Amino acid sequence: MAGEGEPAGARHVAIIMDGNGRWAKKRRLPRAVGHQRGVEAVRRMVRGAADFGLEALTIYAFSTENWRRPDEEISDLMSLMKKFIMSDLEEFVENNVRLKIIGDYKAFAPDVVELIEHALARTADNTGVMLAVALNYGSQDEIARAAAKAAAIGAITPEAIEAALDTAEMPPLDLLIRTSGEVRLSNFLLWQAAYAELYFVDVLWPDFTADHLKEALDAFAARERRYGGR
C-alpha cells in the first residue's frame, strides 16, 4: 500500500533499457537489429506512459561509458537516434509529449546536436508526458557538476545540489525499472534513486511491453514507501 500521504500512482518512472544485444544474440542477428527493436520498445513506453497517467518518463539511451563500445556499434546507435527523432517528432508534437535531454548531448556530432535541439524547440511548449532521454549521461558526472554549481553560489547542501541536477524541473523519481535480469544501477540517477522504488525484471528490453510496464506500476502501487520512517 502507499505510505501515509503518498499517492498510490507513480508520477515519474525511469528505465534502464538493457538487453538489446542479448536479444539479438539469442536470435543470431546483428546487434544493430536488437537496437532497432529496442527503439520500438521505446515507442511503446512513451505511449504507455500517457495511457497510464505518468507525468514523466526517463530512459537511459547512451551513457558516458558507452563510448567504450566498438565504433561500428556507436555509429549504429547514432543513426538510430537520428531516425527516431525524425520519424517520431511529429507524433510527440501531436500527442503533447515534451522532450527533455539529460546529460551532455552537445558532445555528439553537429548533425545529431542540431536534430536534438530542433526536437527540443518543437516540443518545448507541450504540457503532456515529459520524455527525458539520458544521452552521454553518467550520474556521478551529473552530481559532480551539480556540486560545482552549488559551490559557486556558496551553498553545498542537498537542496542546492538537487536544484542543480539535470532533472531539477522534473517530479521526484518514484520508480526505477531495469530490464534483462541485471540487478544494478549502472551510474544512472544515483541521487534521484535515493528513495525510489526499484524493480528488476528478466525480460529483455526489445520484448518489454506496455503490459510489463503496467505490472511494474501495479507492483509500485502495492509498496509502502517509508522514506526512512516506520
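Values as computed for the structure displayed
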quantity: Checking F62 against (1) of a type in the set (F, W, Y); (2) more than 15 Å from the chain's Cα centre (by Cα); (3) closer than 19 Å to F188 by Cα, the condition it does not meet; calculated: (2)
quantity: Which listed residue is of a type in the set (K, R) and in contact with a strand residue (DSSP E or B) (Cβ under 9 Å, 6 or more places away or on another chain), from R69, R98; calculated: R98
quantity: Residue that is nearest to K25 (Cα to Cα), among those in the stretch 182-216 that are without any contact (Cβ under 8 Å) to a residue 40 or more places away in the chain and in a loop (DSSP other than H, G, I, E, B); calculated: D202
quantity: Residue count for the stretch 36-94, restricted to those that are under 25 Å from P171 (Cβ atoms) and outside any helix (DSSP H, G or I); calculated: 12
quantity: Filtered residues of the stretch 132-151 (kept if part of a strand (DSSP E or B) and either in contact with a helix residue (DSSP H, G or I) (Cβ under 6 Å, 6 or more places away or on another chain) or free of Cβ contacts under 8 Å to residues at least 12 places away in the same chain (or both)); calculated: L135, N136
quantity: Failed criterion for G154 (all others in (1) under 20 Å from the mean Cα position of the chain (by Cα); (2) assigned to a loop (DSSP other than H, G, I, E, B) hold); calculated: (1)
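Yes/no per residue for (1) in contact with a strand residue (DSSP E or B) (Cβ under 8 Å, 6 or more places away or on another chain); (2) surrounded by 16 or more Cβ atoms within 10 Å (Cβ to Cβ):
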| position | (1), (2) |
| --- | --- |
| P158 | no, no |
| A163 | no, no |
| P171 | yes, no |
| T179 | yes, yes |
| E182 | yes, no |
| A193 | yes, yes |
| W205 | no, yes |
| T209 | no, no |
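No value in this document is a laboratory result; all are computed from the given coordinates. Since the model is a prediction, treat every value here as computed from it, not as a measurement. A quick note on method: Cβ atoms are made from the backbone with ideal geometry, for glycine too, and the neighbour counts reach across all protein chains shown.
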